[in-house]
1. Quick check of the Kirkwood formula: for the stretch 10-77, what is the inverse mean of 1/r over all pairs of different Cα atoms, in Å?
2. Can you show me the helix-derived [θ] at 222 nm for the chain, built from DSSP H runs with n ≥ 4 at -39,500 (n - 2.57) apiece and divided by the number of residues, rounded to the nearest 500.
3. Calculate the FRET efficiency for residue 155 and residue 46 from the Cβ-Cβ distance with a Förster distance of 35 Å, rounded to the nearest 0.05.
4. Can you list the residues, at least 5 places off or on another chain, whose amide H is less than 5 Å from the amide H of residue 55, using H built in the peptide plane?
5. With every protein chain present, what is the per residue accessible area of the stretch 53-142 (1.4 Å probe, Å²)?
6. Just want the answer: with Cβ charges of +1 for Lys and Arg and -1 for Asp and Glu, which residue in 80, 117, 107 is farthest toward the dipole's positive end in the stretch 65-163?
7. Along its principal axes, what span do the Cα atoms of the stretch 40-163 show, with the longest given first and each in whole Å?
8. Roughly how big is the stretch 41-90's charge dipole about its Cα centre, with Cβ charges of +1 (Lys, Arg) and -1 (Asp, Glu), in debye to the nearest 20?
Amino acid sequence: MFDRSRLREQTATFEAEFVDCVFLGRVRNMNFWGRPADRDQAVLGRGHNDFTGNDFTAAELDDVSFRHIDLRAQRFPGLPGYALLDRIAERASSVLPLVDSWPDEKHRQEARSALEFLADTARAWTDDQALVSPASLGRKLPPALREELFDAFRRTSSDTSGG
């Protein structure tokens, strides 16, 4: 159990495996890797890291990414702050008309950049799935716009969390 363990700024978890762990409190600036680095695979004797059954439901996730990990095999916090969603690239395209309707160009650009980054990383790292929060859709957006975009984004098609 990681109970308020001050997990932060761990970007190189290439060799770590996490199975049935419970994360409590704030987890910040973390990259969890489902594959060892190429140079380490022979030494470790494996081409993937076990990452399954982990419980993040009581964690506050701040700038946390999951790379080459089956997100459906984990438990995450749900609404109102998070949603585990599929078809991220499709959803990003679907909400662009909403973004384009906003009067402030700075806000439109922030949202477009966040959506593009989210879609690109979801395609590359998690089979077009992502744990999405309002902050992941544009940290510099005013809170009301982040919430509006998060609501539209998660409603564009079915989410994989059932919630």
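The values are calculated or read from the model by the stated rules, or taken from the named source; none is laboratory data. Quantities reported herein were computed from a predicted structural model and do not represent experimental measurements. We place every Cβ from the backbone using ideal geometry, glycine too, and count neighbours over all the protein chains shown. We work out accessible area using only protein heavy atoms, side chains counted, and drop any ligands, DNA or RNA first. Shrake-Rupley method; radii C 1.70, N 1.55, O 1.52, S 1.80 Å.
1. Values: mean 1/r = 0.0815 Å⁻¹.
By the Kirkwood definition, the hydrodynamic radius is 12.3 Å.
2. It comes out at -10500 deg cm²/dmol, rounded to the nearest 500.
3. Details: r = 39 Å, r/R0 = 1.12.
The value I calculate is 0.35.
4. The list, which skips near neighbours in sequence, is 21, 22, 23, 75.
5. Values: 4240 Å² over 90 residues.
Using a 1.4 Å probe on heavy atoms only, each residue of the stretch 53-142 averages 47 Å².
6. Towards the positive end, the residue furthest out is 80.
7. Result for the stretch 40-163: principal-axis Cα extents of 54, 28, 24 Å.
8. Values: 5 positive and 8 negative charges, 45 e Å.
I would put it at about 220 debye.
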